[in-house]
Each structure stands twice: as structure tokens, then as C-alpha cells.
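Comments concern the structure below.
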């Protein structure tokens with residue numbers, strides 16, 4: 001097969017694989033994300049059922065309602081939407097750190113330390129689960145991450161190379177300079 005044929009075959013295969021990963025398994029990813037949220041909500045319920053926090057405590061109710069909202073609207077979450085929200089926050093200020101968020105923080109602060117710590121951990125787990133879902137299903141994010149990762153690897157390799165071979169590099173540069181002077185004796189006499 002010719003070189004162009006190999007390139008075309010590889011490109012078509014990569015496009016097909018990307019389509020399968022990002023669009024073919026979208027419903028499976030969505031179901032898994034919702035299941036993770038269900039599991040977190042069930043764990044939160046179990047924590048409250050053990051008597052660690054009251055079911056009617058506002059911090060518990062608001063966290064549970066937030067998880068229920070994420071389950072209900074999970075199909076609308078995407079990396080592009082997340083980026084647009086970030087841009088909106090940058091342009092219009094942090095209105096998404098709204099009254100509900102501040103109210104939840106105030107209610108959590110009223111809890112005993114062990115309950116406060118546990119509810120904040122649940123909140124962090126929900127955020128981590130959402131961020132993982134949003135970023136793992138985005139071709140744009142994967143491209144940006146890959147580009148960044150490749151840049152980091154190149155930078156790391158360049159730094160390691162320079163540290164490990166710096167003396168040899170300097171000797172090599174000096175040898176090149178000497179070679180250049182040998183090839184152009186006039187330049188050598190001008191430098192002296």
C-alpha cells in the first residue's frame with residue numbers, strides 16, 4: 001500500500017474511533033454519570049439515616065436537591081456549556097456563586113465539625129464527578145489536554161536534556177565555533 005493510502009487509512013480509522021468514543025458511547029457515559037450521582041445521593045442519605053445530620057437540616061436538603069438537579073439535567077451538561085459558563089462568570093462576575101451557594105455554606109457552617117466536613121466532602125465528590133463527566137466526553141478538551149500534555153513532555157525532555165548534557169552542549173558549541181573559525185580564517189583575525 002502506498003504512503004498516502006496508509007495515511008488515509010489511519011486518518012479514517014482515527015476519525016471512526018473518535019466518533020465511537022465521543023458519540024457512540026454517549027448514552028452509556030450519561031448512564032454511568034447518573035449512576036455515580038445516584039450512589040453519592042444514596043451514600044448521603046445513608047449518612048443522614050445514621051443520625052449524623054437531620055433530614056430536615058437545610059444543608060442536607062440543599063445538597064440532596066442539587067444532586068437531584070444534576071441527575072435530572074445531566075444530558076444538558078457539556079464541556080462547551082461549561083466553557084461558556086466560565087466565560088460568563090469572567091465577563092459578568094460570579095453570579096453563579098449565588099444566594100443558594102452562600103446559603104448552603106452558611107448552613108454547613110452551623111453543623112458540628114464532623115458533619116460539616118462530611119457534607120463538604122460529598123459536595124466535593126459531586127463536583128469532581130461532574131468535572132470528570134464533562135471533560136472526559138469532549139473531543140475539544142481531549143485535544144487541548146493532549147496538546148498541553150505533549151507540550152509538558154517536550155518541555156520536560158528539553159530540560160532534562162539540557163541539564164544532563166549541558167557540558168557536552170557547551171563543548172559542542174565551542175567545537176562548532178572553532179570549526180567555523182577554521183573554515184573562515186578572516187573571521188578569526190577580525191575577532192582578535
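Each reported figure results from applying straightforward, stated rules to the coordinates on display, with no laboratory input. Note that the structure is a prediction, hence the values are computed from the model and not measured. Neighbour counts run over all protein chains shown; Cβ positions are idealised from the backbone, glycine included.
Before moving on, here are some points about what is shown:
- Equivalent-ellipsoid semi-axes of the stretch 19-84, from the Cα gyration tensor, Å, largest first: 30, 14, 7
- Burial ranking of peptide ranges 76-88, 41-53 (average Cβ count within 10 Å, highest at the top): 41-53, 76-88
- Expressed in units of 2.2 N^0.38 Å, where N is the residue count, the Cα radius of gyration of the stretch 24-137 is 1.14.
- Fraction in percent of alpha-carbon pairs per bin - 5 Å, the stretch 52-96: 5, 19, 14, 18, 19, 13, 8, 4, 0
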